[in-house]
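See structure below.
The values are calculated or read from the model by the stated rules, or taken from the named source; none is laboratory data. All values reported here derive from a predicted model rather than from experimental measurement. Here the Cβ positions follow ideal geometry from the backbone for every residue, glycine too, while neighbour counts run over all protein chains shown. Note: areas computed on protein heavy atoms with side chains; ligands, DNA, RNA excluded. Shrake-Rupley method; radii C 1.70, N 1.55, O 1.52, S 1.80 Å.
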Amino acid sequence: MNLKIIEAKSEYELVICSKLRKEVFGEEEKAPEALYIIDDFDRKSDTHNYLLKVGDSYVATVRFIKVDSTTIKLQRLVVLKQYRKKGYAKKILNYLENDASKLGYSRVIMDSALKAVGFYEKNGYKKVSDIFYEDNRLHIKMEKYLNN
């Protein structure tokens with residue numbers, strides 16, 4: 001299967017990111033609209049959105065926003081339901097981390113939905129908070145230091 005990861009830069013590509021987020025966050029998880037609409041962060045020059053395409057279909061997206069000169073915040077990682085358990089989340093996450101490292105960032109923070117904690121722990125993330133409730137779901141803060 002032909003797999004490609006791109007940085008979403010055009011308005012068209014941001015719309016695709018939003019549609020993928022809406023299918024997972026909005027329709028599956030009943031999370032607030034703020035998680036899937038194109039927001040001000042999506043258009044900032046130091047925010048990076050990524051899309052993973054399999055064949056002719058976009059199946060995953062993720063973004064990071066700049067926190068400070070060394071830290072980014074991972075957000076909005078989704079994989080469409082029919083494409084899960086195929087390693088695509090790991091691929092797009094690794095791509096984001098490699099890109100962030102090349103850009104000089106050394107730390108990734110995030111608020112992980114509780115159901116995704118195991119995935120992030122397998123990818124080197126550590127829990128750094130107690131569980132809290134956000135966007136209609138339980139979350140926990142996590143972090144990872146990148147190897148620059």
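Given the options Lys102, Lys127, Lys91, state which has the largest fluctuation in a GNM of the chain using a 10 Å cut-off (strictly under) for Cα springs. Of Lys102, Lys127, Lys91, the most mobile in the Gaussian network model is Lys102.
Here the peptides 23-29, 10-16 are ranked by packing, the mean other Cβ count within 10 Å, and the order with the highest first is 23-29, 10-16.
Using the Karplus relation 6.51 cos²θ - 1.76 cosθ + 1.60 with θ = phi - 60°, the per-residue 3J(HN,Hα) values for region 41-52 come to 4, 4, 9, 6, 5, 9, 9, 10, 9, 10, 10, 10 Hz, with x marking Gly and Pro. Proximity of backbone amide H atoms, modeled 1.01 Å from N, is registered between Leu146 and Arg107, Val108 at under 5 Å, excluding neighbours fewer than 5 places apart on the same chain. When the convex hull of its Cα atoms is viewed from all sides, region 85-145 shows a mean projected area of 4.4 nm². Surface calculation, 1.4 Å probe, protein heavy atoms: Arg84 sits at approximately 80 Å² accessible.
Here the Karplus relation 6.51 cos²θ - 1.76 cosθ + 1.60, evaluated at θ = phi - 60°, turns the backbone of region 14-28 into coupling constants of 5, 4, 4, 4, 4, 5, 5, 4, 4, 4, 7, 6, x, 7, 7 Hz, with x for every Gly and Pro. Would you indicate which of (1) 65, 40, 30; (2) 37, 34, 31; (3) 77, 35, 24 is the value of Cα extents along the principal axes in Å derived from the coordinates of this structure? Read-out taken from this structure: (2). Solvent exposure of Phe132, expressed as accessible area, is near 50 Å², computed with a probe of 1.4 Å over the protein chains only. Counting only Cβ charges, +1 for Lys and Arg and -1 for Asp and Glu, the dipole size of region 3-105 around its Cα centre is about 440 debye. Calculated translational diffusion coefficient of region 15-54 (25 °C, 0.890 mPa s; Stokes-Einstein with Kirkwood radius over alpha-carbon pairs) equals 228 µm²/s.
Distant-in-sequence amide contacts of Leu138, defined by a placed amide H-H separation under 5 Å and a gap of 5 or more residues or a different chain, comprise Leu114. Each residue was assigned an accessible area with a 1.4 Å probe, and for Tyr105 the value is about 20 Å².
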